[in-house]
Structure formats: C-alpha cells, structure tokens
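Enquirer: One structure coming up, written as structure tokens, with questions to follow.
Each reported figure results from applying straightforward, stated rules to the coordinates on display, with no laboratory input. Keep in mind that this is a model prediction, so the values were computed, not measured. Glycine gets a Cβ as well: all are built from the backbone with ideal geometry, and neighbour counts include every protein chain shown.
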Amino acid sequence: MLDAFARYLDLQRGLSAHTVRAYRSDLGDLLSFLGVGAGDDEPVGPALGTLDLPDLRAWLAAMSAAGAARTTLARRAAACRTFSNWAHRNKLLKSDVAARLRSPRADARLPSVLTPEQAAALLDAAADVVAEAGATAGDDADAYAARALARRDRAILEVLYATGMRVSELCSLDLGDVDASRRTMRVLGKGDKERTVPYGAPAAAALQDWQDAREVVAAPDAGTALFLGARGHRIGPRAVRDIVHRATARAGVPDLGPHGLRHSAATHVLSGGADLRSVQELLGHSSLATTQRYTHVSAERLRAVYAQAFPRA
C-alpha cells in the first residue's frame, strides 16, 4: 500500500521525490501509531477500517507533545488528507476521514536573512578564494582541481543568490539549461513545473569561469550536469549546503544554508521595489500567499514608499 501511494504521488500528482519520500514516511509513522509495523504479516485493512478523525488528531497531538515543529505537523496533516482522499477513492477507506482535518497554523516567521552588505561580503569572499587559488603555486592535477572547485563554489553562490532557486533545482541544472546570451536559466521546479529565471552580470562571469574549468574535474561519464562534485559527477544538495556553510564562515557573515540565500534574494528583490507577482514567478511559488511572507521589508523602505505615495506625507 505504501508503494502504491508513493507511485500515485509521483506519477499522478507529480510531486517532487523529496515530498514523495516525506509523505510515504509520514504514512508509515501513522500506521506505526495505529499499531501496524512495517514488518508485520497482518494486513493493514483492519487498522484502516477503524481509522477516524480522532485517531488522526491524536497522532498529531502526540507529535506536538514530543516537540515537533509546526511546519512538520502541517506537512503531516497534508499527507493525511492526501492519503485519505486516495484511499477512499481506491476503496481502502469507507469515507474520506481526513477531509475535515485542519493543519496547525504554520509559523509565518522566516529564517534569518543576510543584509545586502553581508551578501556582497559573502560573494566577494568567494571571489577572493578564486583569486588566491589562482595565485597558489603548483601545476599538478590536485592544484588544477582545487582551482576549478573554487570557481565552482563561487558560481554556485552567485547563482543561488542571483536567482533565488532551490538547492534541488540548482543540482538538477544541465549545461543546456543556461542561455548565456540572454542571461537566463531554464529551471525545473516542484511538480515538474518549468520556469525561466534571469541572472545578472556577476553570476554570468562566475558561471563562465566555472564552465571554462569544468573539464578539469569532470568524470568521463559526467554527462551534461552543470555543477559537479569533487568526484566529477552531478553535485548533490548536501555538498551544496556544505559549500554555503563554509563560505559564510569564511566571510564572517551569519551562518545559513542555500535556502537562506533564497530567502535573502527574495527579500532584497522586494525591498528594491519589485512587485509580488514578479517575485512569485522568479521563485516558482504556486501561491502568491507564499511569496507574501517576504514582505517584511525594512522600515526605511516602508517610509520611502509612504513618502512617495502619500501626498500629505
């Protein structure tokens, strides 16, 4: 049943692999709560036959008491509703028991973001590392690889900040997704939704610098991946997170991950005067309500807009 549910999420709903894994894990946890273990020989039918809304609420309450975050509870409630609807349509449940299950209100606060000055310091520090690597003596293979990886790290930071894309989207980029002449990238987001995002001159220069050095670290079967790991194959999200954490420590700015750069980019674009719809398209949000979380612009920006728009200001 878990496999069938996962196939439904993947093939019919088009959810990301990460979401499919999370929902499948959530359902497995629910079954354990109901007393059905993953290795049990007994069928899950009897447990599902008695499943009702109080059971689901008790499951969420137990997790809340254990200290689960609101975002986790909200995701698990969403997984319950999705499963309940699917199971009812496939006659595994007599009714859609989770139709009235409400999600806990998610915490609307955003993680810490960099100031524009801190973002500039982060990217300048990455450029300094590239310059230092280029000045380092040594012409052996290890030295060439170190220089290439420094260029890769700088390009990754520039692209994450310039485009606000998710780390999974960055890792899935191919060489053909980059249109250098127009300074745009084709990005495949959640639900396999494709969008085109622009990037500026600094990111363009860093990208070209990395592409010129890419062959130094590329494995024979590297394929068309834009960004490569140290072993020459497509880079993974964990490696990108490590790169960002190391870069923030080196630059002396607040520690954050790739998603923190996404939050920073969205905040800075909005603070610069961009409209919500444009930022929604840039970030690939399906709902404008998600983008509205980034409207925590500075008091200075709010005063400037007020003074400009209000005649009696």
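Enquirer: Relative contact order for the chain: what percent, with Cα pairs under 8 Å and sequence separation of 6 or more?
Expert: Relative contact order of the chain: 16 percent.
Enquirer: Residue by residue through segment 195-211, which ³J(HN,Hα) values in whole Hz follow from phi under the Karplus form 6.51 cos²θ - 1.76 cosθ + 1.60 (θ = phi - 60°), with glycine and proline marked x?
Expert: Result, ordered by residue: 9, 10, 10, x, 8, x, 4, x, 5, 4, 5, 5, 5, 5, 4, 5, 5 Hz.
Enquirer: For each of Phe227, Phe33, Phe5, count neighbouring Cβ atoms within 10 Å of the residue's Cβ, then give the residues from fewest to most.
Expert: Numbers: Phe227 24, Phe33 16, Phe5 21.
Ranking Phe227, Phe33, Phe5 by Cβ neighbours within 10 Å, fewest first, gives Phe33, Phe5, Phe227.
Enquirer: Turning to a different aspect of this structure: Hey, what do the phi angles of segment 230-247 turn into as Karplus ³J(HN,Hα) couplings, whole Hz, using 6.51/-1.76/1.60 and θ = phi - 60°, x for Gly and Pro?
Expert: Along segment 230-247, the couplings run 5, 8, x, 10, 3, 6, x, x, 5, 5, 5, 4, 4, 4, 5, 4, 5, 5 Hz.
Enquirer: Next question, about the same structure. So what is the relative contact order for segment 155-313, in percent, with contacts set as C-alpha pairs under 8 Å and at least six apart? Can you show the working numbers first?
Expert: Numbers: 188 pairs, mean separation 37.4, N = 159.
Relative contact order comes out at 24 percent.
Enquirer: Given springs between every Cα pair under 10 Å in a Gaussian network model of the chain, which of Asp242, Asp179, Asp140 has the largest fluctuation?
Expert: Evaluated over the chain, the most mobile residue of the options is Asp140.
Enquirer: Taking θ as phi - 60°, what are the ³J(HN,Hα) couplings along segment 278-294 by the Karplus curve (6.51, -1.76, 1.60), each to the nearest whole Hz, with x for Gly and Pro?
Expert: Couplings: 5, 5, 4, 5, 4, 7, x, 7, 7, 10, 5, 4, 5, 5, 5, 4, 8 Hz.
Enquirer: May I ask you to derive the relative contact order of segment 2-89, considering only C-alpha pairs under 8 Å and at least 6 residues apart, and to give it as an integer percent?
Expert: Reported relative contact order: 27 percent.
Enquirer: Where does helix 258-271 land angle-wise versus the long Cα axis of the chain, in degrees 0 to 90, nearest 10?
Expert: 70
Enquirer: GNM, the chain, Cα, under 10 Å: largest mean-square fluctuation among Thr50, Thr19, Thr71?
Expert: Result: Thr50 has the largest fluctuation of those listed.
Enquirer: Run the helix sum for the chain: -39,500 (n - 2.57) per DSSP H stretch of 4+ residues, divided by residue count, reported at 222 nm to the nearest 500 deg cm²/dmol. Let's see the in-between values first.
Expert: Values: 14 runs with 178 residues, N = 313.
Only helices count here, giving -18000 deg cm²/dmol.
Enquirer: Tell me, Val159, Val97 in order of fewest to most beta-carbon neighbours within 10 Å? The partial results should precede the final answer.
Expert: Values: Val159 26, Val97 22.
So the ranking, lowest neighbour count to highest, is Val97, Val159.
Enquirer: Now for a different question. Note the listed values [x] 61, 46, 36; [y] 87, 46, 31; [z] 69, 67, 35, then indicate which one is Cα extents along the principal axes in Å calculated from this particular structure.
Expert: [z]
Enquirer: At a 10 Å Cβ-Cβ cut-off, how would you order Met165, Met185, Met1, fewest neighbours first? If you can, show how the numbers build up before the last one.
Expert: Working: Met165 27, Met185 24, Met1 15.
With the fewest neighbours first, Met165, Met185, Met1 line up as Met1, Met185, Met165.
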